[in-house]
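Student: Quick one: the structure is below, questions incoming.
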Amino acid sequence: MKDKLTRVSMAAGLLMLCVMQFTIFADASSLSNELLRWGFRRGENELQPTLDSKAKQVIESFDGITIGNSHEKTIYLTFDNGYEAGYTEKILDALEKTDVKATFFITAHYLNTASDLVKRMIEDGHIVGNHTVNHKDLTTLSDEEIKKEIMDLHNAVYQKFGYEMKYFRPPKGEFSERVISIANSLGYKTVMWSSAYDDWDKEKQNREEYGKKKIINNIHNGAVILLHATSKDNSNILKPVIETLQSKGYTFKNIDNFKR
């Protein structure tokens, strides 16, 4: 009798979950799917930049992360890892030496080809975030396809490491209200950025002084920095950049401790 009641309870719970998901995605479909591209106008003299107001409003309406508190000299360091170019180990070494915790947004390709580095990220106390399976423009996908792009990677990371991701970054900084709503319904908080430079271009490396200046000269309170781990320059300049910013009174925190 007890087993029968348990099975009935589980079935009822599953039915309720299906109804909730149907409601969530029905609601998401009624939201705007206008393509928004993340952007900002840089501030000067360590002032916060001006973020795209419409995009910022959408992200923050779902309790997402855009930029931190303007009164605290806090920095949140994040990396995008679409693929492994041979530099992440050196980046992890630099973070270990400076005792800084970062967030790495990975794709399924990265997980499948560099799982040893993902394992080290987790073991070193960094946060691993979801950058989707295939790095597609999610606004072109159906609700179910978006869910699959996020949850297939989520489940793969959990199966490999017992680690449950909770932060999401839309590929190429492209999204819509519908996309963020779906990610939110899956238990994800969206993380954007307020500082970045053209470090992703593999044809634009060997510019270490340029990279240092771009990061340091555009720093500001509450900065959410985006760097690409595919950059050779970033792997070489990360440690001195962190030390310079620390000497200027900035503190690095992980996004679990984000304060708006």
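What follows draws every value from the coordinates through simple rules; no lab data is involved. What you see is a predicted model; the values in this text were computed from it and never measured. No Cβ is skipped: glycine too gets one built from the backbone with ideal geometry, and neighbour counts run over all protein chains shown.
Student: Tell me the label-point distance for the pair Asp256, His109, using the 7 Å Cα-to-Cβ offset, in nm and rounded to one decimal.
Tutor: Output for this residue pair reads 3.0 nm.
Student: Which of the lysines could be linked to Lys147 by a straight reach, that is with a Cα gap under 27 Å, when you skip same-chain ones fewer than 8 residues away?
Tutor: Filter leaves Lys54, Lys56, Lys119, Lys136, Lys160, Lys166, Lys172, Lys189.
Student: Can you give the relative contact order of the chain as a percent, counting alpha carbon pairs under 8 Å and 6+ residues apart? Could the numbers behind the result be given before it?
Tutor: Details: 464 pairs, mean separation 80.1, N = 260.
Over the chain, the number comes to 31 percent.
Student: OK, next. Residues with amide H under 5 Å of Ala102's amide H, sequence separation 5 or more or different chain, H placed in the peptide plane at 1.01 Å from N; which?
Tutor: Excluding prolines and chain starts, which carry no amide H, the hits are Ile127.
Student: How high is the relative contact order of segment 154-260? Use alpha-carbon pairs under 8 Å, at least six apart in sequence, and give a whole percent.
Tutor: Values: 91 pairs, mean separation 22.8, N = 107.
Contact order relative to length: 21 percent.
Student: Could you work out how much longer the chain between Glu145 and Lys166 gets when fully extended? Use 0.36 nm per residue separation minus the Cα distance between them, nm to one decimal. Could the numbers behind the result be given before it?
Tutor: Working: separation 21, 0.36 × 21 = 7.56 nm, distance 1.87 nm.
This chain segment gains 5.7 nm when fully extended.
Student: Moving on. Would you indicate which of (1) 1.01; (2) 0.98; (3) 0.94 is the value of Rg/Rh (Cα atoms, Kirkwood Rh) derived from the coordinates of this structure?
Tutor: Of the labelled values, this structure produces (1).
Student: If each residue's Cβ is checked for other Cβ atoms within 10 Å, how do Tyr76, Tyr87 rank with the fewest at the top?
Tutor: Working: Tyr76 27, Tyr87 19.
Going from sparsest to densest Cβ surroundings: Tyr87, Tyr76.
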